[in-house]
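Below: one structure, written as structure tokens.
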Amino acid sequence: MALMELEQVSKRFGALSALEEISLVVEEEEFIALVGPSGCGKSTLLRIMAGLIAPTSGRVLLEGQALNGVNYETALVFQSFALLPWLTVQANVELGLEARQIPPKERAKRAAFYIDKVGLEGYEEAYPRELSGGMKQRVGLARALAVEPKILLMDEPFSSLDPLTAISLRELVLDLWADPQVPVAACVIVTHLIDEAVELADRVIVLSARPGRIVEEIRVALPRPRDKRAEAFNGYIDRIFSLMA
Amino acid sequence: MVHQHQHRWNLFFLALLLAILVIAAFYGSRAYLLRPGFVVPAELPKLPLYALFSFARMLAAYLVSLSFSLSVGYLAATSRRAERFIIPTLDILQSVPILGFFPAAIYLFVSLAGGGRSGIELASVFLIFTSQAWNMAFGVYEAILTIPQDAREALAAFGAKRWLVFKRLLFPACVPKLVYNTIMSWAGGWYFLMAAEIIAIGPARYDLPGLGSLMYRAAEEGRLGLMLLALGTLVGVIVAMDLLLWRPLSVWAETFRYEFAASSPGRSRVLDWWRRSRAVKRAKALLQRAGGEARLLLGSAVAALARRSPTKALSTGVAHRLWRACGWGLALLAGAFLGYLAWTAASALAKAFAQPLPQEAAQIPLAILASFGRLALAYLVSLAWTVPLSIWIGENERVARIVTPIAEIGASIPATALFPLIILFMIRVFGGMNIASVLLILTGMQWYLLFNLIAGARAVPQDLKEMTKSLRLPRFYYWRKVVLPALFPSLLTGSITGWGGGWNALIVAEYIVYNQKAYQVLGIGALLDRATYELGSGLLIFLTLGAMVTVILLLNRLLWRRLYRFAVERYRLEY
């Protein structure tokens, strides 16, 4: 079933055209990766899905209803983590719940649950500055998951981490994706790393350089966990690479 | 199109400035007509009480400044329309010499309060407020503007309401700048407090019971012991506030910095105690519970109100509507106030120009020149000691730890409190009011330079320092090629604020009444004082204040701002 539909979404910033006629359906139980050269409007597209930016033309449908304003069915994970340095891990994770006016007790309970899920139990009272980059992004993930979004949106979530940390966080995301206790129905990740897209996604959407248009959609029909040294895996990488080059 | 728009705004601000000047001139000259005031006896037993009075005045002004800066800074940073009006207005208010407007403020407040002490009290609180508010408002504005986009989006994506965004993001982000500017503002406030407690307008004298008036009176009566005791009390209060409030607040404020730099945040014993102490924890818990109850009560009250009202949507719309109503109310008030200003300005202008032009007006050009010379001299003296000291501090962490607190305390001791001493010394020993007034101007100028330069010198990146070591650059070469260029932007910021402080100081530095005798030099500040206190001439006040403000604004536009832009483009340490 379609969770979210983008109908011929275009976005201009003044004279600059960032996105042109993007049509895309996000299905239930689907992990989507948006790849493309830098400046192609991937992040803008993600923010249109989140309802932070309104498209210049076209529309976003949520289960058939046109989206107007912030999309409450989504939650965002940022490249820069975007944690508030003056709040503890617990308070950072509670932020979205506070915005939705969930009572304090319920807030604390749910935050604790997701802090456990991302493997940060024991760090509830720590401040972001005391955490490593990987731990900060775990907090970012917990904060997004805590509002129990149907669609999890991630904007280059591992780009500011060192390669080893990025590997363990990709594993964490896949674990959470497979976890029946985590009610996320779909994921959209923006990345410029082709192997990251192939490792994570069921469907890779390749965008062209500015203005961003959909060049091709590629279904990755590999069982998880995926073997990065397998021939099929590298076949996908080569194909996407040739589309982008 | 854009240019025309800009043009219209410039005209508007010019008109606003003119209106303020006319009003200042009009009411400033009428201050002369106030009834004879009252004098506070200088007695030792009153010392603690007077210290308390001075502190209370400061606190009142600070609380007004705080709410002003939060609301105005927030408005300017969140509304483009408000920003276009607020920022240039603050810029003008920041650069005009506030002390020149003091007589007008006294007259207005005294007549508003029906004469008597409460009017004078209000005027002094107002004066202190004008010395505290602008930099704090700018701090709030800049802090909100520099919040990373991601953090805003993180809250927006959760659909957070205005209040939550303010509470969790905007206000915390303001804390470091707010704390820093609070400390600066208190220092500036003490400077003005001393000037605000002793008011002599022509024959009328108003003393407010406080440390400043006590000191002054004691010095006048030649009771040096009492005067030094009062000075000691003032220094004690300032040092105590530094240790008990500013130091812990500064360390605490580091929590709210956005960059996650690994620099050591420093330590404060008081803050450590505050964080550890069980009594404090219990008090906090109690407060939190009380706060929670209050919020619950408030929440249910709002809910009850919403239920009783016929429209269902009210409960969600009520906050928004209140907000808008407040906005409109404020706009209406501001409009009414502007209208009133325009009307009084027009009538005052008519009256002022009906007077004959006092012959002193011919002295204005020469007076400006003389004052400028004094300012330039004080500036050179300031540079001569602040630049080397700050370079030394920047190179040596141990020196920084020792010198910075001493300088901070030195800066917050109001030089105005030392004026009687300086006068006594200078006039008796050197017999020159000219040297005394340069010295007094110096006290209103040097600290701005010092603190900006220290901040700049300490911000020279470690990499650059290590590079010079590894290349074995000679020390002199390192100063010339690395440190001085790196210091240039902060040198300019310091110069701009320092000159601002200097222009203001002119008004108290060029004309001093001591023991019923007026000591003065030829200068624009002295001329303004004479116009107010001796002649009571609105026209002369208007002309001197106008000349001063014009020169200041021209210097800002033609010299400082251009230099600053150049400095930022060329010498900013950013890769």
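The values are calculated or read from the model by the stated rules, or taken from the named source; none is laboratory data. Small disclaimer: the values here were computed from a predicted structure and weren't measured. Backbone-built Cβ (ideal geometry, glycine too); neighbour counts: all protein chains shown. With ligands, DNA and RNA removed, areas are computed over all heavy atoms of the protein, side chains included. Shrake-Rupley method; radii C 1.70, N 1.55, O 1.52, S 1.80 Å.
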Q) So how far apart, in nm, are the two label points at A:Ala209 and A:Asn234 if each is 7 Å from Cα heading toward Cβ? A) 2.8
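Tell me the mean residue ellipticity at 222 nm calculated for chain A from its helices only (DSSP H runs of n ≥ 4, each -39500 (n - 2.57), averaged over every residue, nearest 500). Display every interim value, and only then the final one.
Working: 7 runs with 84 residues, N = 245.
Only helices count here, giving -10500 deg cm²/dmol.
Under 1.5 on a/c is rounded, so check that first for the protein assembly as shown, then, if it is not, pick prolate when a/b is larger than b/c and oblate when it is not; a ≥ b ≥ c are the square roots of the alpha carbon gyration tensor eigenvalues.
Working: a/c = 2.09, a/b = 1.94, b/c = 1.08.
Prolate shape, in that a/c is at least 1.5 and a/b is the bigger ratio.
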Q: Pop a pseudo-label 7 angstrom from the Cα along the beta-carbon direction at both A:Gln65 and B:Phe476 and give the gap in nm to one decimal.
A: 7.7
Q. Quick one: accessible area per residue over chain A, 1.4 Å probe, rounded to a whole number of Å²?
A. 43
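Just by accessible area at a 1.4 angstrom probe, what is the order of B:Lys177, B:Lys481 from largest to smallest?
Working: B:Lys177 80, B:Lys481 110 Å².
Sorted descending by solvent-accessible area, the residues read B:Lys481, B:Lys177.
Let a ≥ b ≥ c be the square roots of the eigenvalues of the Cα gyration tensor of segment A:76-188; is it rounded (a/c under 1.5), or, if not, prolate (a/b larger than b/c) or oblate? Don't jump to the answer; show the numbers that get you there.
Values: a/c = 1.60, a/b = 1.15, b/c = 1.38.
Oblate.
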Q. Helix A:231-244: angle to the longest alpha-carbon principal axis of chain A, degrees 0 to 90, nearest 10?
A. 70
(Q) Under the 0.36 nm per residue contour assumption, what length would be gained going from the current alpha-carbon distance of B:Leu369 and B:Leu421 to full extension? (A) 16.0 nm
Q. Sorted by accessible area (1.4 Å probe), largest first, how do B:Glu197, B:Glu360 line up?
A. B:Glu360, B:Glu197
**Q.** Two-site label geometry, B:Leu333 and A:Glu171: point separation in nm, points 7 Å out along Cα→Cβ
**A.** 6.1
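Take each of the peptides A:64-76, A:27-39, average the number of other beta-carbon atoms within 10 Å over its residues, and list them starting from the highest. Don't skip to the end; give the middle numbers.
Working: A:64-76: 17.3, A:27-39: 18.8.
Most protected by this proxy first, the peptides run A:27-39, A:64-76.
Once R0 is set to 41 Å, what does the formula 1/(1 + (r/R0)^6) return for the Cβ-Cβ distance between B:Leu224 and B:Lys465, expressed as a FRET efficiency to the nearest 0.05? Walk me through the numbers on the way to the answer.
Details: r = 48 Å, r/R0 = 1.18.
The value I calculate is 0.25.
Quick one: putting +1 on the C-beta of Lys and Arg, -1 on the C-beta of Asp and Glu, what dipole do you get for the protein assembly as shown around its Cα centre, in Debye to the nearest 20?
Numbers: 81 positive and 61 negative charges, 413 e Å.
Value, rounded to 20: 1980 debye.
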Q | Within straight-line cross-link reach of A:Lys11, aspartates and glutamates at Cα separation under 12 Å, skipping those fewer than 8 residues along the same chain | A | A:Glu20, A:Glu21
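Taking square-rooted eigenvalues a ≥ b ≥ c of the alpha carbon gyration tensor, is segment B:488-560 rounded, prolate or oblate, where a/c under 1.5 means rounded and, failing that, a/b exceeding b/c means prolate? Please report the intermediate quantities before stating the final value.
Numbers: a/c = 4.13, a/b = 1.73, b/c = 2.38.
Oblate, because a/c is 1.5 or more while a/b does not exceed b/c.
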Q) Name the residues of segment B:140-167 whose accessible area falls by at least 20 Å² when all protein chains are present instead of the chain alone, probe 1.4 Å? A) B:Asp150, B:Glu153, B:Ala154, B:Leu155, B:Ala156, B:Ala157, B:Phe158, B:Gly159, B:Lys161, B:Leu164
Q: Would you work out which of B:Ser537, B:Tyr564, B:Leu553 lies farthest towards the positive end of the dipole of segment B:536-575, given +1 charges on the beta-carbon of Lys and Arg and -1 on that of Asp and Glu, about the Cα centre?
A: B:Tyr564
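Cross-link list A:Lys136/B:Lys465; A:Lys117/A:Lys150; A:Lys150/B:Lys167: which exceed 22 angstrom alpha carbon to alpha carbon?
Values: A:Lys136/B:Lys465 31 Å; A:Lys117/A:Lys150 17 Å; A:Lys150/B:Lys167 28 Å.
Going by Cα-Cα distance, A:Lys136/B:Lys465; A:Lys150/B:Lys167 fall outside the 22 Å limit.
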Q: List the pair-distance distribution P(r) of segment A:106-245, using every Cα-Cα distance, as the percent of pairs falling in each 10 Å bin from 0 up to the bin containing the longest distance, rounded to whole percents.
A: 10, 38, 33, 15, 4
Q. So what does B:Arg374 come to for accessible area, using a 1.4 Å probe and Å² rounded to 10?
A. 20
